[in-house]
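Accompanying notes for the structure given below.
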Amino acid sequence: MDKLVIDGGVQLNGTVSISGAKNAALPILVATLLAPGEHELHNVPELVDVSFMLSLLGRVGCPSLVGIGGRPDRVRLDTTRLAFCEAPYDVVRKMRASVLVLGPLLARCGEAHVSLPGGCAIGVRPIDQHLKGLEALGCTFRLEGGYVHGSVERLVGADITLDVPTVTGTENIMMAAVLAEGITTIRNAAAEPEIVDLARFLRSMGARIKGDGTDTLEIDGVPALRPARKPYAIMGDRIEAGTYLLAGAITGGDVTAKGAPVEDMTAVIEALNESGCSVECTVDSIRVSRSGPLSSVAISTQPHPGFPTDMQAQWVALMTQAGGSSVVQENIFENRFMHVAELHRMGANIELAGNTATIHGGAKLTGATVMATDLRASASLILAGLAAEGTTEMLRIYHLDRGYERLVGKLEQLGASVRRVSEETAVAVGVSVATSAVV
C-alpha cells in the first residue's frame, strides 16, 4: 500500500490545469445507457471512480475504449446492446455513485437489480429519495438480500417534491423522466453545476429539460434518445480547482487554476477574498495569491450556490493558519469532521460540537503521520502538510485516487515537495531512500 510524504514549508506557485469533474463525469457516463449507440466523451478524468463506472457499464454489456486519438481523457462507449440489468455488489460496494444506473436501467430495460451502494464513510446517505421519485414515475421496488429490485411497465410523468435536495437522487429521477410519457416536475431539486452538465448532455441526445440550475426541473418526456452528434466535453472540476487554490493560499503562494468553472465557484471565491487573499478571475481561470496574513472566515456548507460540503475539510485546514477563531458548520453530511482528529495530531486547535467546528487559528502545524478517512479529508491533510514544519506522512491515500487526477505531478508542478512511496519499500530500506522512487 502506498503513502504520501510531504515536506512542508514550501510556497506553491504556478499554473495547474484542472481536470474534468468527477461528479459530472459519473452520471454522464451512466446516462449513455439511455441512448443505444456509440458515444464519445472528452475531458473525462483519469480516476479510480471513473474506472469503476466503466467496469460497471462493461458488466451490463456496454464496452468502452479509453484513450481515443492518444488522449487519455477521451472515451468512447458502445451502448447498443444491454446484456444484463444488474449492478452487482462487488462493483457497487466500491462507489456510491453506482446507484445512478438505477434510473437509466429502468427506463431502458423496464427492470433493474442494483446492490445498495458504498463509497466514502461520511454519513448514512440513504437512497429513499431516489426510490420515492422513481415510484412516482410508475416503478415498483422490493429490497432483498442487499439489493434493490425495480421494475416498471410504463414510465409516466409525475409531480415530485423531494424531501431534501439530493444530488444523485435528482440525477436518477431526471434520467428516468426523460423517457417517461408526459411531463415530470421535480421540486426541491438539487441545483449543483454537475446536474446542469448532465442536463446539457441529455439535451444533446434529444431530451427536453428546463430549469436546470434551479430548484424546479421540468422534463417533457420523449419516446427515445439518440447519441449526441458530436463529442461531449465534461465540465471542469470545481472541487479540484478549489483545493489547489487553497493550497496556494495556505502556503502564501500564487496559484492559477486553469480550466476552472469560474461561474460555479462564487462561494469559494468570496470566502478566499474575505480571508485576505487576492483573487483574479478570467472566463476559465482563477488566480489566488497571498502575501499578508490570513483572516478567519466562518462558513456554513449548503447546497449550491452555497459553500460546497466537498470544500469544507480543505477550508478547515486553511483556517488553522488564520488569525483569530472561525466557525465551520457542516449541514450536508452528519459525519464529515473525521479529518479534525488527524489535524489535531499536527498541532491544530479545533473544538467540535455536533455539526460545528471552531478553529482557533494561528497554531503552528508540525509534520506527523496521519491517516486519510475519505476523499476530501485526504485533501485537507495534504493542505495541512504543505503548511506544516517538517515531514508529514499520510496513510490510506487510495481515497485520493478516487477524486484527484495526477495529484502528485500537479503539486510538484507548483513546486511542492511531495512524493508517493510504497509503505513496504519504506519499511524495508528506510524512507530516506524509498522516497526517491516517485510513482
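What is the one condition in (1) more than 17 Å from the chain's Cα centre (by Cα); (2) among the hydroxyl-bearing types (Ser, Thr, Tyr); (3) not in a loop (DSSP other than H, G, I, E, B) that Tyr244 does not satisfy? Answer for Tyr244: the failing condition is (1). A Cβ distance below 7 Å, combined with a sequence gap of six or more or placement on separate chains, defines the contacts here; from segment 412-432, residues that are assigned by TED's automatic domain parsing to the domain that holds Ala387 and modelled with pLDDT of 50 or more reach residues that are assigned to a loop (DSSP other than H, G, I, E, B) and among the hydroxyl-bearing types (Ser, Thr, Tyr) in the pairs Arg419/Thr435; Val421/Thr435.
Quick check: is even one residue across segment 110-128 of a type in the set (Asp, Glu) and in contact with a Cys (Cβ under 6 Å, 6 or more places away or on another chain)? Yes - at least one qualifying residue is present in segment 110-128. Just checking, does segment 365-379 include any residue being more than 25 Å from Ser19 (Cβ to Cβ), touching a Gly at 6+ places or on another chain (Cβ under 9 Å), in contact (Cβ under 8 Å) with a residue 60 or more places away in the chain and not β-branched (Val, Ile, Thr)? Checked against the condition, which is being more than 25 Å from Ser19 (Cβ to Cβ), touching a Gly at 6+ places or on another chain (Cβ under 9 Å), in contact (Cβ under 8 Å) with a residue 60 or more places away in the chain and not β-branched (Val, Ile, Thr), segment 365-379 yields at least one hit.
Within segment 1-42, the set of residues being outside any strand (DSSP E or B), touching a residue at least 60 places away in the same chain (Cβ under 8 Å), within 22 Å of Leu179 (Cβ to Cβ) and within 22 Å of the chain's Cα centre (by Cα) comprises Ala24, Ala25, Leu26, Pro27, Ile28, Val30, Ala31, Thr32, Leu33.
Against the list (1) free of Cβ contacts under 8 Å to residues at least 40 places away in the same chain; (2) among the hydrophobic types (A, V, I, L, M, F, W, C); (3) closer than 18 Å to Met235 by Cα; (4) surrounded by 22 or more Cβ atoms within 10 Å (Cβ to Cβ), the condition Ile160 fails is (3).
Here His130, His149, His113 are screened, and the one residue that is touching a helix residue (DSSP H, G or I) at 6+ places or on another chain (Cβ under 7 Å) and modelled with pLDDT of 90 or more is His130.
Cβ-Cβ contacts under 7 Å between residues 6 or more apart (or on different chains), taken from a first residue in segment 270-282 that is at pLDDT 95 or above to a second residue that is among the aromatic types (Phe, Trp, Tyr) and in a strand (DSSP E or B), are listed as Ala271/Phe307. Residues being of a type in the set (A, V, I, L, M) and buried (at least 22 other Cβ atoms within 10 Å of the Cβ): count how many of those fall in segment 351-374. Final tally of qualifying residues: 5.
Do you know which residues across segment 235-274 are under 18 Å from Gly306 (Cα atoms), surrounded by fewer than 24 Cβ atoms within 10 Å (Cβ to Cβ) and of a type in the set (Gly, Ala, Ser)? Selection gives Ala267, Ala271.
Checking each residue in segment 316-336 for being more than 20 Å from Pro126 (Cβ to Cβ) and either within 18 Å of the chain's Cα centre (by Cα) or buried (at least 18 other Cβ atoms within 10 Å of the Cβ) (or both) picks out Val316, Ala317, Leu318, Met319, Thr320, Gln321, Ala322, Ser326, Val328.
When we screen Val50, Val101, Val60 for residues that are over 21 Å from Tyr398 (Cβ atoms), under 18 Å from the mean Cα position of the chain (by Cα) and surrounded by 15 or more Cβ atoms within 10 Å (Cβ to Cβ), the only hit is Val101.
Selection of helices (runs of 4 or more DSSP H) fully inside segment 123-232 by the criterion of at least 2 residues being hydroxyl-bearing (Ser, Thr, Tyr) returns 167-177.
Considering the conditions (1) surrounded by 16 or more Cβ atoms within 10 Å (Cβ to Cβ); (2) modelled with pLDDT under 95; (3) in contact with a helix residue (DSSP H, G or I) (Cβ under 9 Å, 6 or more places away or on another chain), Ala83 is excluded by exactly one of them, (1).
Which of the residues that make up segment 204-232 are within 26 Å of Ser19 (Cβ to Cβ), crowded, with 16+ Cβ neighbours inside 10 Å and charged (D, E, K, R)? Selection gives Asp212 alone. Across segment 386-395, not a single residue is classified as of a type outside the set (A, V, I, L, M, F, W, C), buried (at least 24 other Cβ atoms within 10 Å of the Cβ), closer than 22 Å to Glu330 by Cβ and in the same structural domain as Tyr244 (by TED's automatic domain parsing). For Thr166, are the conditions met, namely being surrounded by fewer than 18 Cβ atoms within 10 Å (Cβ to Cβ) and farther than 19 Å from Ile234 by Cβ? No: the conditions fail for Thr166.
The values are calculated or read from the model by the stated rules, or taken from the named source; none is laboratory data. Computed from a predicted structure; not experimentally measured. Glycine also receives a Cβ, built like all others from the backbone with ideal geometry; neighbour counts cover every protein chain displayed.
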